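Step one of this worksheet: look at the structure below.
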Amino acid sequence: MSNPYIRIHRTIAGHRGWPWQRLIPVGAAVAALPMIRDTWFSYLPQDPAVPLEVYASALSVSVARIASLVAAVVILATYSALVRGPDRAVLDVHPIRARLLVTAIGRMTLRSQLYVVALAGVMMVPIGQTAGLPVYAASLLLVIGAFLGALGVGFAVHLGSVWAAYSPRLAAVLDALRGDNPPMQAALIYAPGVALLAVGLGVEFGSMGLQAWLEGASLGLAWMAIPPALGALAWAVVGSLASRFYVQASLLLAEVDGAWASASQAEHAEPVYLQHLAKDRPELLRALRNGWRSQRLFATGGWALGALVALGAWSDPSNAVFWGAGAIVWVTAVGPRMAAVDPPWLSEALGVQRTAVVGARVAVSLAYGMGVVAPVGGVLVFRHGAAGLIVGAALAGLAVVTACCGAWISEAWRRHAQWGYSAIALVAWAGFVRMVG
């Protein structure tokens, strides 16, 4: 029997035919690959005659990193589609068959995220050029396994987080972790991390199997089946979880949003992040509120990534170049994301100029990007002196460039701005690594 919710979900989410804009970052990866080949694949020998066993360990680690990045993207996509997707606003008032709806959302999420696998396949082309087609195919299989594992685990964990939010047994744990967030939101906040941890462990075992296979143990291929098997097991329980918790998630989200609304309207409510910078600047204040309330992941994620990159930069400044630049181009993507949630008529209705809107988004993107630049630059200067200062200044310059590009393209492309920005950011990151690294 056909699933009627597939058509309903396509209509609500605005899917029309093939999502051509997702090919933009894949094309950008083709352009960026020559610039990062020597850095990302520095372990690959120049002479193809070098035995594969010599660099099997480094190759498996590199592929595991790519697979983990793919898994992270897919897990965040499952959160956006399932927890904060557009279906709830339309269907919540109607009786629904939750199992069929979640199945439809899962199928469409898989389809919409296939470009991530294609992008990873392009980035791993040097493996095929050096190690041969069978090794490239095995590496791509691990990435595909991580993709499928993340899809199944992401849906299962995000639905299970609704149970966790209401579980009295976990209340004390969530209260200890939630910080200033409403108690019922803590489970939703940490669900992507739990899903990524589970898939990451599967990818780690899969990379061990890849290395074993590269070194001549044919049973290593069986280990590579762990990530997709994990996803299949998780997906097997998604149907029952959907029947129990999909509708209940709407009640949970209403409580969360109500708690935040009450806090924001309170007389002594805590201001949004960096609100003191917007004194007598109403457009900047609107952008700061937009970023903090609808795109908070970029603000908190910037500082988290900055701390991780700073730890790596303590021993090797090249880590700051490669990973720091990647973190910056991700954080400054908040500009296009802010534009995506603003109606196109809003600026005109409020009577503000487009230049003011663009300038405010540049300022917010740059301020969020400083969450990466500040800790990384501080470690570089303290640990590596003048050389570290140069790298830190270069990272700050990259943040300025990508923040400006993101804000500009958000006005030029509007709905498709995030895809155009992803292409620009990917090439900018690769060029930065090539020039500075």
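Quick notes
- Segment 27-162: translational diffusion in µm²/s, Stokes-Einstein, Kirkwood Rh over Cα pairs, 37 °C, 0.692 mPa s: 196 µm²/s
- Taking Thr300, Thr332 and ordering them by how much accessible surface each has at a 1.4 Å probe, largest first, produces Thr300, Thr332.
- Accessible surface of Leu100 - all protein chains present, 1.4 Å probe, nearest 10 Å²: 40 Å²
- Per-residue HN-Hα couplings for segment 370-377 [Karplus 6.51, -1.76, 1.60; θ = phi - 60°; Hz; x = Gly/Pro]: 5, x, 8, 5, 4, x, 5, x
- Between the C-alpha center of segment 386-437 and that of segment 299-332 there is a gap of 14 Å.
- Taking label points 7 Å from Cα along the Cα-to-Cβ direction, Ile390 and Arg281 give a separation of 3.2 nm.
The values are calculated or read from the model by the stated rules, or taken from the named source; none is laboratory data. Please read all numbers here as calculations on a predicted model, not as lab measurements. Here the Cβ is made from the backbone with ideal geometry for all residues, glycine too, and neighbour counts use every protein chain on show. Please note that ligands, DNA and RNA were not included when accessible areas were found on the heavy atoms of the full protein model with its side chains. Shrake-Rupley method; radii C 1.70, N 1.55, O 1.52, S 1.80 Å.
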